[in-house]
Every structure is written in C-alpha cells, then in structure tokens.
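The values are calculated or read from the model by the stated rules, or taken from the named source; none is laboratory data. As the structure is a computational prediction, the values presented were derived from the model and not from experiment. Here the Cβ positions follow ideal geometry from the backbone for every residue, glycine too, while neighbour counts run over all protein chains shown.
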Amino acid sequence: MNVLTSLGRDPSDLPWLLDSACVLGQEGIVFGPMSFTQRVVIAMGAGIVFGVLLNLLGDPDGMINAFLVDGVFYIVGQIFIAALKMMVVPLVLVSLVCGVTSLGDLRALGRVGGKTLLLYLMTTAIAIMLALGIANLFSPGEGFELSGEVVFEAAEPPSFSEVLIGMVPDNPVAAMADAQMLQIIVFALLLGFSITLAGKRGRHVLNFFNDLNEVIMKMVFLVIRTAPVGVFALISRTFANQGIDILGPLAGYFLAVTAALLLHLALTYTALLKVAGLRPIAFLLKMRAPMSFAFSTSSSSATIPVTLNTLKARLGVDNSVAAFTVPLGATINMDGTAIMQGVATVFVANVYGFDLVFADYLTVILTATLASIGTAAVPSAGLIMLAMVLGQVGLPVEGIALIIGIDRLLDMLRTSVNIAGDGAVTCFVARTEGALDLEVFNDPSAVLNSPQAESPSEAQR
C-alpha cells in the first residue's frame with residue numbers, strides 16, 4: 001500500500017495495478033506495462049491458434065471436444081457475452097438520459113440526430129457500392145458446383161409502417177426487458193427532455209441518474225476486466241468448430257468480402273475523419289479494443305459498453321454525443337452487413353447463372369441501405385436483409401444456404417467494421433458540434449484509469 005501511495009495512486013485503486021505486468025522486488029515495483037488492448041489482442045490471437053490446432057486434431061465426438069470446446073469454452077464464452085449484454089440496457093438508458101440533459105436544447109439534439117442518421121445511411125450506401133465493385137472484380141461463384149439441394153427459409157421482414165410504429169414503446173419496461181434498442185432510445189430521449197423541462201424537481205431526478213451512471217460504469221469496469229478470458233474462450237471455440245478447411249470452396253467469396261471490408265475501413269472512414277480534421281491513425285489505434293471485442297462477440301450491442309468508454313475516455317468525445325450516436329449506430333449502422341449483401345448478391349447471381357444489369361445494382365444499393373434501419377432489431381438481421389435484397393432483384397433466396405457455413409467467420413469481421421463505423425461517425429459529429437477534445441484525441445497515452453468519467457475533461461484528471 002505504501003508503494004502505491006508513493007506513486008500518487010489511491011491504495012484502493014487495485015484495477016490500476018492489474019493493468020500492469022509488474023514485479024515486486026527490493027527496488028519496489030518494476031513495470032513492464034501491458035495495456036488492456038494488448039491483452040485482448042493477445043487473447044484473440046492465442047484463441048485463433050489454439051482453436052485451429054484443436055480443429056486439426058479432428059476429434060469432434062471425443063472427450064477433448066466435449067469437455068473443452070463444448071464445455072469450458074462454451075460456458076465461459078456465453079457467461080462473458082451474457083455479462084456484456086446485461087449492462088447494455090441500463091448503460092444506454094442512463095447514459096442517454098444524462099447526455100440529453102447535458103445538451104438541454106432540442107435543436108442541438110436535432111442537429112446531432114440528423115447528422116448521425118445521414119452519415120450512417122451514407123456510409124452504408126458507400127459500403128454496398130464498394131462491395132458490388134469488388135465483387136465484380138473478384139467474380140465469386142463462377143464455376144461453383146452446387147452439391148445437392150440447398151434450402152433456406154427467410155424470416156418475414158417487418159414493413160416500413162411496422163418499423164415506424166415499433167419505434168415508440170407501448171411499454172418501456174417490456175422494451176428494456178426485450179432489449180428493443182430503438183424503443184429504449186426513444187424513451188430515454190423523452191425522459192431526458194422531460195427532466196430538463198421539470199426544472200428544480202427534474203434536477204433531483206438528474207442527480208439520481210448521474211449517480212446511477214457512476215455505479216453502472218463501475219460495473220462495466222469490473223466485467224470488462226474479464227475480457228481476455230472471455231475473448232479467448234469465444235475465439236477458441238469458433239475456430240475449433242469452423243477450422244480453416246471450410247474456406248476452400250468459398251475462398252473467392254470470403255476474400256471478396258474481406259477485401260471490401262478492409263477497403264471500406266481504410267478509405268471511407270479515413271476520408272470521413274480527414275474531412276473532420278482528425279487523424280485516422282490515432283483513431284484506429286485507440287479503437288482496437290472495441291473492434292477486438294466486436295470480432296470475438298459478433299455483436300455490436302454487446303460491444304456498446306467498450307465502445308462508449310473508448311470514445312469518451314480515449315478519443316475525447318463528450319457523453320452528450322456518444323450516448324446518442326453509439327446506441328443508434330449499434331442498432332442501424334450495418335456497413336459490414338451491407339458489404340456482405342453486395343458480394344453475396346453477385347455470388348448468388350454467378351452461381352445460378354443470372355446476369356445483373358445496372359438497374360439491379362441500383363435496386364441492391366437502395367434496398368440494402370433502407371433495410372438497414374428496418375431489420376436491425378430483428379434476430380439474424382443480416383440474413384433477413386440479404387433475403388430482401390435477393391428477392392428485389394429476382395435471385396433465388398435459397399442461394400443464402402451456400403454461404404451460411406462461413407457466415408460466422410465473416411460476421412466477426414463485419415461486426416468489427418460496424419463498430420469502427422460507429423466510432424468514426426461519432427467522432428465526426430462530435431467534432432462538428434464542438435464536443436470533442438482534440439488534445440485527448442491526439443494524445444496516444446490519453447486513457448482513463450476508471451471508466452466512470454463523463455467528459456473529456458474528466459478523462460484528463
């Protein structure tokens with residue numbers, strides 16, 4: 001304890017001590033720091049290697065697979081995801097209420113909301129156009145041999161009117177119980193404005209939410225500490241089950257999707273940040289942790305706590321913007337999924353011998369962009385959107401069955417891109433609204449010792 005005190009640390013700040021690989025000796029503490037991001041990335045890499053090795057052993061029905069892959073890894077991974085999802089609803093609700101009240105102006109929220117929605121739709125449209133271009137360059141599916149009858153039954157997507165009606169919760173408690181993010185966002189916005197309009201009595205309620213936010217962020221901090229273990233378990237099980245042999249027949253499709261994802265990340269988001277006067281390299285380096293989380297969990301919603309903390313603590317985004325843009329992005333921003341749909345459309349067309357014309361490409365772009373809002377809250381949203389796109393251009397929906405086998409691996413990649421898109425749009429909006437601390441953004445060492453701070457100024461304390 002004396003050592004911690006001599007270093008200017010609170011003796012109770014044990015999480016800080018855990019953040020460093022250190023050795024106690026006669027000279028005190030000798031540091032060999034390893035950041036949280038490094039631990040997550042190492043766990044992810046180790047999981048890939050270990051999972052592939054287990055797959056190569058070829059023991060699907062053996063004791064190792066039953067005990068380790070479907071036992072320990074499955075239990076640990078699912079507990080970790082459940083813990084992340086446990087925090088999403090209270091974090092989004094409380095953080096968004098605090099963010100709205102800090103704005104205090106309906107017009108300011110309107111500007112933030114309008115910019116955010118426009119940018120999400122714009123980047124989605126760019127993503128699918130890029131995907132169609134890459135797909136035509138790679139021509140995946142040409143010469144693909146259909147083996148037997150392929151079957152896929154698509155779920156019925158909601159209509160546009162159902163989407164609009166469904167945004168307003170008739171029971172906010174039920175919406176939170178079912179994790180209906182759009183409904184939670186609408187309720188939190190109304191509650192935040194009502195607190196502001198209530199004046200003195202509203203401030204009492206706001207103080208409660210501010211205190212509750214501190215408590216929730218402490219809980220986020222505790223759960224995230226277990227991330228390396230959870231990530232290792234999830235990644236190991238995925239690659240133990242999938243292996244790398246599955247990529248053989250669909251290598252062209254896999255490479256086309258991967259290339260489009262990387263180009264979208266490197267070009268579209270870089271350009272967006274450049275326009276805002278921000279350094280893309282600084283952004284990407286600090287977004288490694290959320291992107292690693294997204295890769296391992298394949299869930300934008302489950303990654304919300306990590307994304308929010310990174311944007312506020314490491315990139316200097318004010319909570320008034322991040323609390324709105326991140327939950328909305330996790331719900332409707334589906335750039336990675338749009339890329340998959342573009343490549344998959346060309347793949348299915350090539351497999352079945354269909355020739356797509358210019359009008360078909362326009363239909364694909366429009367349908368996928370608009371559908372990103374309507375189907376985002378539906379389970380297996382990517383496949384539902386793809387079924388809609390294929391149906392619009394007259395391609396057989398059954399072709400989806402051909403790519404389901406490797407969709408899990410690609411889902412991991414495209415979720416990482418989705419998270420990067422959420423972060424890039426958030427930084428752009430925050431920059432244009434004067435809600436981004438450039439000093440924190442550009443400082444590679446800027447990091448919060450605990451994730452409870454609500455603003456860039458607190459991140460620097």
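Give me the residue from the range 425-447 that is among the small types (Gly, Ala, Ser) and over 23 Å from Val94 (Cα atoms) and, out of that set, modelled with the lowest pLDDT. The selected residue is Ala446. One residue stands out in the range 191-215 among those that are of a type in the set (A, V, I, L, M) and within 16 Å of Ser102 (Cβ to Cβ): the one that is surrounded by the most Cβ atoms within 10 Å (Cβ to Cβ), namely Ile195. Could you please let me know if Leu284 is of a type outside the set (S, T, N, Q), in contact with a helix residue (DSSP H, G or I) (Cβ under 6 Å, 6 or more places away or on another chain) and at pLDDT 90 or above? Against the criterion (of a type outside the set (S, T, N, Q), in contact with a helix residue (DSSP H, G or I) (Cβ under 6 Å, 6 or more places away or on another chain) and at pLDDT 90 or above), Leu284 does not qualify. Does Ser450 meet the test of being in the same structural domain as Val317 (by TED's automatic domain parsing) and modelled with pLDDT of 90 or more? When the stated conditions are applied, Ser450 does not pass them. Among the residues in the range 173-185, are any in a helix (DSSP H, G or I), in contact with a Phe, Trp or Tyr (Cβ under 9 Å, 6 or more places away or on another chain) and at pLDDT 85 or above? The answer is yes, given that some residue of the range 173-185 is in a helix (DSSP H, G or I), in contact with a Phe, Trp or Tyr (Cβ under 9 Å, 6 or more places away or on another chain) and at pLDDT 85 or above.
Test Val397 against the stated conditions and say whether it is β-branched (Val, Ile, Thr), at pLDDT below 90, surrounded by fewer than 24 Cβ atoms within 10 Å (Cβ to Cβ) and within 29 Å of Phe354 (Cβ to Cβ). In short, yes. Residues in the range 314-332 that are buried (at least 24 other Cβ atoms within 10 Å of the Cβ) and at pLDDT 90 or above: Arg314, Leu315, Gly316, Val317, Val321, Ala322, Thr325, Val326. For Leu222, state whether it is exposed (fewer than 15 other Cβ atoms within 10 Å of the Cβ) and either in a helix (DSSP H, G or I) or in contact (Cβ under 8 Å) with a residue 12 or more places away in the chain (or both). Considered against the rule, which asks whether it is exposed (fewer than 15 other Cβ atoms within 10 Å of the Cβ) and either in a helix (DSSP H, G or I) or in contact (Cβ under 8 Å) with a residue 12 or more places away in the chain (or both), Leu222 comes out as yes. In the range 338-359, the count of residues that are more than 23 Å from the chain's Cα centre (by Cα), over 19 Å from Leu137 (Cβ atoms) and part of a loop (DSSP other than H, G, I, E, B) is one or more. Listed by position, the helices (runs of 4 or more DSSP H) enclosed by the range 263-309 that each have at least 1 residues that are over 14 Å from the mean Cα position of the chain (by Cα) and farther than 17 Å from Pro444 by Cα are 269-275. Evaluating Leu57 against the criteria (1) modelled with pLDDT of 75 or more; (2) surrounded by 13 or more Cβ atoms within 10 Å (Cβ to Cβ); (3) of a type outside the set (D, E, K, R) leaves one unmet condition, (2).
Would the range 233-249 turn up any residue that is of a type in the set (A, V, I, L, M), free of Cβ contacts under 8 Å to residues at least 24 places away in the same chain and closer than 20 Å to Val346 by Cβ?
no
Taken together, the residues in the range 250-275 that are surrounded by 15 or more Cβ atoms within 10 Å (Cβ to Cβ) and among the small types (Gly, Ala, Ser) amount to 4. Screening Leu402 on (1) closer than 30 Å to Gly192 by Cα; (2) more than 24 Å from the chain's Cα centre (by Cα) shows it passes everything except condition (1). Say whether the condition of being at pLDDT 90 or above and in contact with a Cys (Cβ under 9 Å, 6 or more places away or on another chain) is met by at least one residue in the range 250-268. Within the range 250-268 (the criterion being at pLDDT 90 or above and in contact with a Cys (Cβ under 9 Å, 6 or more places away or on another chain)), the answer is no, since none of the residues qualifies.
How many residues does the range 411-446 hold that are of a type in the set (Ser, Thr, Tyr) and either outside the structural domain of Ala289 (by TED's automatic domain parsing) or over 11 Å from the mean Cα position of the chain (by Cα) (or both)?
Residues meeting the conditions: 3.
Any residue at all in the range 263-270 that's in contact with an Asp or Glu (Cβ under 9 Å, 6 or more places away or on another chain), in the same structural domain as Leu436 (by TED's automatic domain parsing), farther than 21 Å from Thr432 by Cβ and not hydrophobic (A, V, I, L, M, F, W, C)? Yes; the residues of the range 263-270 include at least one that is in contact with an Asp or Glu (Cβ under 9 Å, 6 or more places away or on another chain), in the same structural domain as Leu436 (by TED's automatic domain parsing), farther than 21 Å from Thr432 by Cβ and not hydrophobic (A, V, I, L, M, F, W, C). If I filter the range 360-375 down to residues being within 20 Å of the chain's Cα centre (by Cα) and surrounded by fewer than 23 Cβ atoms within 10 Å (Cβ to Cβ), which single residue comes out as modelled with the lowest pLDDT? Restricting to residues being within 20 Å of the chain's Cα centre (by Cα) and surrounded by fewer than 23 Cβ atoms within 10 Å (Cβ to Cβ), the top hit is Gly374.
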